[in-house]
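Got a structure here, written out as structure tokens. Questions coming.
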Amino acid sequence: LARFRRWFSNTFVFFGPGLLLAITAAGEAGITEAIEIGAHYGLALLWVVIITLLFKYAFTNGIARYTLATGQTIFDALHKLPGPKNWGPILILVSYILEMFAVGAMILFAATFLDYLLPGVFSIFLLSLTLLVAALALLRTHIYHRFEYIMAVMVVVMSVSMILVLSTFPFTGDMLLSGLVPNIPSGSETAILAILGVVGSGMNLMLYSVWLQEKTEKREDGQCYVKNEAFFKRFVKSVNADVAVGFAIVLLVTLSFMSLGYAGFAVSFMPHGA
């Protein structure tokens, strides 16, 4: 057990940002598009999901490498872009404001089903106040490492639940393999664009850089590390593993939601975007 813990701590030094990435990215993809795409096209577009996750893995990995090499977040780098002053941060700010509407819609969607399960229990005011206080406490105290334990439990529960749910769906291995073969079903062009944008999250991937900086600036043992080649080599492998695990979980959840739509356990007659 001690050997395993030592191996795990060395391999997954940053086993927090990837879990957070998995939680946010998986929920966004499943709620907004994956159920509908599975209902209309089954698993035929699974190959698009995989290509999208590979691209976004490379994107997130590149951001992480920049942060490890420079000690700066990707948002710091945006100020250095050539051209009009601060055009990069302003563009990103506008994008995040637009994403806030999508996140708000997802929360409303999830809260609707929670209210069905526990009718009359939830108070909008108390929930909003609790979330606001928790977010401010997290930001002010910088106790990110404590939050990681909560994320780890959530991810384990979510992953086990998804595997159990997948085992009940009526699809075969042949169907899964056929989804890996590039094929564009008639009328699926819009759905493919939706997968490219939504699966694996969008602008939220840039927040990985912020969390990573927090992890490298000051570790739990109180030591601060000098940014050098040895530092980079030591932690880049952990970053690679962390991001890979995060996107593997996203793939599992997306596949589950697509299967949910295909199996008919969700509404499958709504038009795209409804």
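The values are calculated or read from the model by the stated rules, or taken from the named source; none is laboratory data. Fair warning: this is a prediction, and the values are worked out from it, not measured in the lab. Every residue, glycine among them, receives a Cβ derived from its backbone with ideal geometry; neighbour counts consider all protein chains shown. What goes into the accessible areas is simple: the full protein's heavy atoms, side chains included, and nothing from ligands, DNA or RNA. Shrake-Rupley method; radii C 1.70, N 1.55, O 1.52, S 1.80 Å.
To keep it simple, each residue is scored yes or no on (1) farther than 26 Å from M158 by Cα; (2) open to solvent by 20 Å² or more (accessible area, probe 1.4 Å); (3) at pLDDT below 75; (4) touching a helix residue (DSSP H, G or I) at 6+ places or on another chain (Cβ under 9 Å).
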residue: Y225; (1), (2), (3), (4): yes, yes, yes, yes
residue: F231; (1), (2), (3), (4): yes, no, yes, yes
residue: K237; (1), (2), (3), (4): no, yes, no, yes
residue: N240; (1), (2), (3), (4): no, yes, no, yes
residue: V250; (1), (2), (3), (4): no, no, no, yes
residue: S256; (1), (2), (3), (4): no, no, no, yes
residue: L260; (1), (2), (3), (4): no, yes, no, yes
residue: G264; (1), (2), (3), (4): no, yes, yes, yes
residue: F269; (1), (2), (3), (4): yes, yes, yes, yes
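Right, another one. Scan region 106-139 for residues that are more than 26 Å from S201 (Cα to Cα) and exposed (fewer than 10 other Cβ atoms within 10 Å of the Cβ) and jot them down.
Y116, L117, L118, P119, G120, V121, I124, F125, L126
Output the residues belonging to region 116-156 that are among the β-branched types (V, I, T), part of a helix (DSSP H, G or I) and farther than 30 Å from L251 by Cα.
Across region 116-156, the qualifying residues are I124, T130, V133, T141.
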